[in-house]
Every structure is written in structure tokens, then in C-alpha cells.
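Contents: one structure, followed by commentary.
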Amino acid sequence: MNVSVACPDGYTPDKQILDFALTATDNNFELTNDPKIAAKDADVIFTDVWASMGQEEEMAKRQKAFSGYQVNEEILALANPKCMIQHCLPAHKGEEISEEMFEKHADEIFDEAENRLHLQKAILYLLMR
């Protein structure tokens, strides 16, 4: 399995996560600041909002830092022809994902959201037993 992560400088994953990803057996992990490199030959592309709840005061700074990290037709053209797009929702169409890509892959994106619901119910069940 190959995993490529693209993020701007200053927004890399936590060091503990990176250390795990770099040392896990049978994994090929790449961290880059170029989304085109990360998207090349991808089977699945994941994205998320640039500023999550609680980070609203950083919105302008994050929009500047993440400019160029939008999942759009240009990025998808670098991936495998049957590449899926996933987004954990809610999405800000026109920012992290183009409206066209969101609509084209809406079934996949909403399936991910639904599956998360079932996982959360299973966790609640285990915790309440």
C-alpha cells in the first residue's frame, strides 16, 4: 500500500503520526508539499476543510497556506482513472474541493459519511455494554 500526503509547510501531521507512518512495515509513505505528486496514480483522494470548527480565526491564514490544494479536475487527471474522492464533510465547495468534483463524487462522499455513523454507533454500543 502506498500513502502520499500533501500539505503546506507548517501543517504537517503530528510527529508521532509521521514517525509511525515512516516506520510501519510494508507501507510506502510519502510526505510532500505538492498535491500533484501526492495525487499521481492515486486510487483514493481524501480531503478535508482548510479550517475546522474552532479554527475560524485562522481562516484567512489557512486559505492562503492551502491555496493550490484544491481537489479539482486537474488533480484528478493525475490519479488513476477510477479514483474515488472522499471528504469527511461538511465540505466548503470551491475551497478544498471544486463544486464539479464534489457533485461528480457525491455518492462516494456521502457513503463515507454514512459509514462513519455506523462506526460511531458500534463504538457507543461497546462503551455502553
Note: among 67, 98, just one is of a type in the set (S, T, N, Q) and under 14 Å from the mean Cα position of the chain (by Cα), namely 98
When the residues of region 21-50 are filtered to those that are polar (S, T, N, Q) and within 15 Å of the chain's Cα centre (by Cα), which remaining residue is surrounded by the most Cβ atoms within 10 Å (Cβ to Cβ)?
47
Taking region 1-20 and the residues there that are under 24 Å from residue 65 (Cα atoms) and hydrophobic (A, V, I, L, M, F, W, C), the one that is surrounded by the fewest Cβ atoms within 10 Å (Cβ to Cβ) would be 17
Tell me which residues, restricted to region 70-93, are over 15 Å from the mean Cα position of the chain (by Cα) and not charged (D, E, K, R).
77, 78, 80, 81
Pairs, please: C-beta under 6 Å, at least 6 apart or cross-chain, first residue without any contact (Cβ under 8 Å) to a residue 40 or more places away in the chain and in region 48-60, second assigned to a loop (DSSP other than H, G, I, E, B)?
58/51; 59/51
Selection status of residue 73, loosely packed, with under 13 Cβ neighbours inside 10 Å and farther than 20 Å from residue 100 by Cβ
no
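Read-outs throughout are calculated quantities, based only on the coordinates presented, and are distinct from any laboratory measurement. Quick caveat: nothing in here was measured; it's all calculated off a predicted structure. Cβ coordinates were reconstructed from backbone atoms using ideal geometry, including for glycine residues, and neighbour counts include every protein chain displayed.
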